[in-house]
Every structure is written in C-alpha cells, then in structure tokens.
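K.L.:
Below are the structure tokens for one structure; questions will follow.
Bear in mind that the values in this text are calculations on the coordinates, not laboratory data. This structure is a prediction, so every number in the text was calculated from the model and none was measured. Note: ideal-geometry Cβ built from the backbone for every residue, glycine included; neighbour counts use all protein chains shown.
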C-alpha cells in the first residue's frame, strides 16, 4: 500500500520510480526531519529503504535545481570511493513531486550532534578517539579526490576564491543586518588584508562538521557516509578544516547547539583537541598550515554572520525558537574568538 505524506504525490512518484528502475512496486512514504533547506522523505519499497531529497516547493528555479547539482556531485564522489549515499535516480520534472528531487539509499546510523552518540558507542568511551580520527581522515580522502577530469571540474572558479568568500558573506549580512555587530566590519578588512598565499584547490564540502556525517550504530566509531553537499565546490580545502573544528565539542565551546558545553555523548577525556586534529590533517596531506589562523578567523566570522540571520528573526518577533535566542550569545563569542585568532 502507498502511504500518504503531506505535499507528496505518492501514486505519481510510485509510477515514476517504477519506470526509472524497471520494477513496479508499492511504496510507503514518511517525512524525515532535518535535510537543511531541502525536504526529505523515507521511502520503503521492495524490502529496501530509500530517501527522497526534494528542493523546496515554490522556490526560484536556480535554487530548485541545486538539488540536481547535489545529486551529480554525490554520484561523482561515490565513484571516487568517498562514503556517500548511493543515488538511485533523479528528476528535474516538477510535475512529479512539485520540484526537482533525487532518490538515494537510506543509510542506517546516527548524526552525533542531532541524535547524540549511538548507545553502543556511548558505552565504549575508550574508542572515542576514533571519532576525531574518522572525521579528519574522511575529510583528507574528500580533499584527495582527483576532480579535474570529472563533472566536478565545472565547479572550479579559482580566480579570487578567498576574496570572493569575504565579499559574499558580508553582502549576505546586509540582507538582515539590524544591529551593531562588534568587529564584524573590521574583521572583514583584516581578512582582506591578510589573505593567505594561493594553495592547491580541491573538492570542498562547504559545510563539513559532525552534523553532516552519519555514524554506523555499532562500535568502533565509523563514518557510514557524508551527507549534505549543497555547498560543495572546488576551492581552498583549509576552509573545510577550520569549519569542522569550530564545531568540535571541546570543553567550553559554546558552538554546540542546545547548550554551551554539550559533548553529545562524546567522552572528552578520550578525544583529541582541535589542535591535535589539525595536526593530523597536516601530517596526512602535507599542506602548509602556517597561515591557518586566517581560516580560523574566517570560519568564526562567517558562522557569526550565518547565525545572525536566525537571531535577527528572533529580534523581529518572527521566531520563538529558544535556540535562535541562544544564538545572540554565540554570535558575540564567535566574533570575540575571531578577534583573538586575528591577533
């Protein structure tokens, strides 16, 4: 039987998938929380589970078709051996589900920062050092993909990559800036004046952190797959590294959403510090990290700008989400951290 899901034409999708796979079968559909700007649904069919990732309904064309771009990126990375969900099929036809979408394999596991550490892993704290090692080693593998002779080459726009990042996020802030932000403009100037030397370009995830990896439920800790490639491009790999580290749950890090000291079940006594993980990345890649402070400033500054969008909604009375209220203190700490990194 085909189960209903709000805004999801199950019979039309069932018929489309039957034609795409050559296997007629009923499907059941249920929404999945998360997914970032896209909607996600679990599909059960022929004893297997799949996930539909659909662009937002009633959105502009360029944004809608980013979901197809993401599917193509995943197909290329999967062929290169990166642990990503398998893409079964994709469609740009809005007549099927109202917006472009793709179907990918359902991966059993958990997202540490959303679900907490899977119980079996929680009971084995001596293995928690593998969480950081896996996070870094998978990032090293992603940055090692030979992208030049693949579909990823079209993502490369190397000229002025880092200056564009500063201008892009400062312009983004102007869309919702309603209050003074201590040091945000001065930091933008510092970033422009202290640009690192040009380095090699790699596939760059764009939002690499504990939120965007799924962990196998059984010990030892192992990344089952990397997800959420909406922001993926070809660019400076050290942006990914600095971004991942700013979310790392070390003691006193207020970036852990929900509470200032949340470790999500990770035993800090058995985990590396950010400096140790950065060193591991440097040893594995041989990249020059002498100017890594710039990337730490940029990541803290950028995250403050990203979170300000939600905090501005709270200030305008458009959001009652307590997490958005909490962002106010986090933004202040991020800008303070960026200024410390810049010294």
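K.L.:
Over the Cα atoms of the chain, what is the Rg over Rh ratio if Rh follows Kirkwood? Walk me through the numbers on the way to the answer.
P.N.:
On the way: Rg = 20.7 Å, Rh = 21.5 Å.
Ratio of gyration radius to Kirkwood radius: 0.96.
K.L.:
Any chance you could run the full-extension gain for residue 224 through residue 172? It's 0.36 nm times the residue separation minus the Cα-Cα distance, nm to one decimal.
P.N.:
On the way: separation 52, 0.36 × 52 = 18.72 nm, distance 3.35 nm.
Full extension from residue 224 to residue 172 adds 15.4 nm.
K.L.:
Rank 137, 228, 149 by mean-square fluctuation in a GNM of the chain with C-alpha springs under 10 angstrom and give only the top-ranked residue.
P.N.:
For the chain, modelled as a Gaussian network with Cα springs under 10 Å, the answer is 149.
K.L.:
Tell me the Kirkwood radius of the stretch 195-237: reciprocal of the mean inverse pair distance over distinct alpha-carbon atoms, in Å. Working shown, then result.
P.N.:
On the way: mean 1/r = 0.0825 Å⁻¹.
The Cα-based Kirkwood calculation yields 12.1 Å.
K.L.:
Given only helices, namely DSSP H runs of n ≥ 4 each adding -39500 (n - 2.57), what is the per-residue ellipticity at 222 nm of the chain, to the nearest 500 deg cm²/dmol?
P.N.:
Numbers: 13 runs with 148 residues, N = 343.
Here the helix-only value at 222 nm equals -13000 deg cm²/dmol.
K.L.:
Please compute, for the alpha-carbon atoms of the stretch 97-139, the extent along each of the three principal axes and give them in descending order in Å.
P.N.:
Its Cα atoms span 47, 24, 16 Å along the three principal axes.
K.L.:
If you take the alpha carbon radius of gyration of the stretch 95-167 and divide it by 2.2 N^0.38 Å, what ratio comes out, to two decimals? Provide the component values of the computation, followed by the final result.
P.N.:
Values: Rg = 18.8 Å, N = 73, 2.2 N^0.38 = 11.2 Å.
This ratio for the stretch 95-167 stands at 1.67.
K.L.:
For 70, 325, what ranking results if the residue with the fewest other Cβ atoms within 10 Å of its Cβ goes first? Walk me through the numbers on the way to the answer.
P.N.:
Values: 70 24, 325 14.
In order of increasing Cβ crowding within 10 Å: 325, 70.
K.L.:
For a footprinting-style exposure proxy, rank 150, 21 by other Cβ within 10 Å, fewest first. Write down the numbers at each step before the final one.
P.N.:
Numbers: 150 18, 21 14.
Fewest to most other Cβ atoms nearby, the residues stand as 21, 150.
K.L.:
Taking the C-alpha atoms of the stretch 116-214, how large are the radius of gyration and the largest Cα-Cα span, Dmax, in Å?
P.N.:
Rg then Dmax for the stretch 116-214, in Å: 18.6, 49.
K.L.:
Note down the Stokes-Einstein diffusion coefficient of the stretch 41-176 in µm²/s, whole number, using a Kirkwood radius over alpha carbon pairs, 25 °C, and 0.890 mPa s.
P.N.:
On the way: Rh = 18.2 Å.
This corresponds to a translational diffusion coefficient of 135 µm²/s.
K.L.:
For the stretch 176-318, what D do you get in µm² per second when you plug the Kirkwood radius from alpha-carbon pairs into Stokes-Einstein at 37 °C and 0.692 mPa s? Don't skip to the end; give the middle numbers.
P.N.:
Numbers: Rh = 17.1 Å.
Estimated via Stokes-Einstein, D reaches 192 µm²/s.
K.L.:
Kirkwood-based Rg over Rh for the stretch 129-171 (C-alpha set), two decimals? Numbers along the way, then the final one.
P.N.:
Values: Rg = 14.8 Å, Rh = 12.9 Å.
Rounded to two decimals, Rg over Rh is 1.14.
K.L.:
Calculate the translational D of the stretch 10-105 in whole µm² s⁻¹ from Stokes-Einstein, where the hydrodynamic radius comes from the Kirkwood formula applied to all Cα pairs, the temperature is 20 °C and the viscosity 1.002 mPa s.
P.N.:
Rounded, D is 157 µm²/s.
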